[in-house]
Amino acid sequence: MHRSGTVPRMPELPEVETVRRMIEAHARGRRVAEARRSRSRLHVSSRSSGLASLRGRTLERVERRGKYLLLRFGDLTLLSHLGMSGRWLFFDEAPSRLMPHVHARLEFADGSELWFQDPRRFGQLRVVARADVDRDASLQRLGRDPLDPPLTARELAELANGSRTSVKVFLLDQARIAGIGNIYASEILFRARVHPRRRAGAVAADEWRRIAAEIPAVLQEAIDRMGTTFSTYRTPLNEPGAYGERLMVYDRAGEPCRRCGTPIRRVVQGQRSTFFCPSCQGKALKQRRSARR
DNA sequence: ATCCTATCCTGTAGGC
DNA sequence: TGCCTACAGGATAGGA
C-alpha cells in the first residue's frame, strides 16, 4: 500500500477561502502600526519589500482570486499566495515565543498581529498599488473562479474544446479554472465517476454535467469544513480543517474504495499523484475505444 | 498556441 | 535511537 512519504498540506481554493474569511473576521478594520519583513527570502517574484509602506494603513477587506489572497489596504494591496506551506497566523497579542520561517509580520495598533509563515518558501507576498493589481502577471493568468458564478457543463466543454491533455491535468490548470488543486481534482473526478486519464477534449457532455455538479459540491463541502488538514495545515487561528475525513480517494492508494471496495490506485500525471477507483471511474478513452470493438 | 518538464524548497516518514 | 534518503506539489520559465 502506498502512503505518501509526507503528509503535505496543499492550500487550494477551500483552504485559501477559509484563510480569507478568518483574516477578514479577525483583522479587518485594524490599523497597521508596524510592518516587518524578515531576512528570509521568499521565492520567485515574491518580494516582500514594500511591506513598510503598509504602516498607518487599515486592512479594509480580503479578497480571493483562485488561490491568491488580496489584502486591501486603501490604495495598496498585499498580494499573497500560500504556495505549498504558507500560513497566515493571527494573534490577539504578540506571541512571546519565536517561530521559524516567518517572512512578514504585521503589527496592528491594538497589539494584535498577523504573520506570514512559509517553511518551504513557495509562497508569494508582494505589495502592489491598487491600480496595478489587475495588471499583475500572476493574476492575469488566472482563469475564472469555479464558484462565482458556478461553472456550467457547457463552459467546461468549451474550455476543454480541442484539448489533448488529460481531464485531471485540465482541472489543475489555473489559466482555465482558478482554484482547484491536486487533492480536489482527484476527489471531483471520483465523485463524477470520470477516469482521470480521459482526454479533456474527449469528455462527453454527460460527464461534464457530473463534473460541473461535483466541482461546487466538493469545494463547498470543503469550505464548510474549513479545508483539508493532513498534518500541519491550520487556519489563521491554528485550527485544523476537517475535510480530510471526507476524502474518497486522495492519499488512499491500496485502500478499499468507499463505494465499491476496489483498491484505490495511484498514478502520476504531470509529476503529481492522482488517485482514483479503477472500477467506479471506468476506463481511459483509449481503452474504452478498443473495448467497444 | 499548446503541452511538457525541470526547478525551486523543507518537513516528514520509512528504512536500516 | 538516530541518521539517511525519497517524496510531497504550488507556480513558472523554457523547450519541443
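The values are calculated or read from the model by the stated rules, or taken from the named source; none is laboratory data. All values derive from a computational prediction rather than experimental measurement. Backbone-built Cβ (ideal geometry, glycine too); neighbour counts: all protein chains shown.
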Subject >> Search result, residues across the range A:126-142 that are touching a residue at least 40 places away in the same chain (Cβ under 8 Å), within 17 Å of the chain's Cα centre (by Cα) and not in a helix (DSSP H, G or I) >> reply: A:LEU142
Original post:
Applying the selection to the range A:192-206, what residues are closer than 16 Å to A:VAL169 by Cβ and part of a helix (DSSP H, G or I)?
Top reply: A:ALA192, A:ALA200, A:GLY201, A:ALA202
**OP:** Filter the range A:182-207 for residues that are away from DNA strand B (no atom under 16 Å from the Cβ) and among the polar types (S, T, N, Q) and give the result.
**Re:** A:SER186
**OP:** Kindly check whether there is at least one residue in the range A:211-224 that is at pLDDT 95 or above, part of a loop (DSSP other than H, G, I, E, B), crowded, with 18+ Cβ neighbours inside 10 Å and not charged (D, E, K, R).
**Re:** no
Original post:
If the Cβ limit is 7 Å and pairs must be 6+ apart or interchain, which residue in the range A:253-265 that is in contact (Cβ under 8 Å) with a residue 60 or more places away in the chain pairs with which residue that is part of a loop (DSSP other than H, G, I, E, B)?
Top reply: A:ALA253/A:MET1; A:ALA253/A:HIS2; A:ALA253/A:ILE264; A:GLY254/A:MET1; A:GLY254/A:HIS2; A:GLY254/A:ILE264; A:GLU255/A:MET1; A:GLU255/A:ILE264
Original post:
Does any residue in the range A:276-293 that is surrounded by 12 or more Cβ atoms within 10 Å (Cβ to Cβ) come within less than 7 Å, Cβ to Cβ, of a residue that is small (Gly, Ala, Ser) and modelled with pLDDT under 55 six or more places away or on a different chain, and which pairs are these?
Top reply: A:LYS283/A:ALA291
Original post:
Only one of these conditions is not met by A:ALA104: (1) in contact with a His (Cβ under 9 Å, 6 or more places away or on another chain); (2) of a type outside the set (Phe, Trp, Tyr); (3) under 24 Å from A:GLY29 (Cα atoms); (4) buried (at least 19 other Cβ atoms within 10 Å of the Cβ). Which number is it?
Top reply: (1)
Original post:
Name the residues in the range A:143-189 that are among the small types (Gly, Ala, Ser), assigned to a helix (DSSP H, G or I) and closer than 19 Å to A:GLY270 by Cα, would you?
Top reply: A:ALA160, A:ALA185, A:SER186
**OP:** Restricting attention to strands (runs of 3 or more DSSP E) lying wholly within the range A:45-125, give those where 2 or more residues are within 16 Å of DNA strand B (Cβ to nearest atom).
**Re:** A:87-91, A:102-108, A:113-117
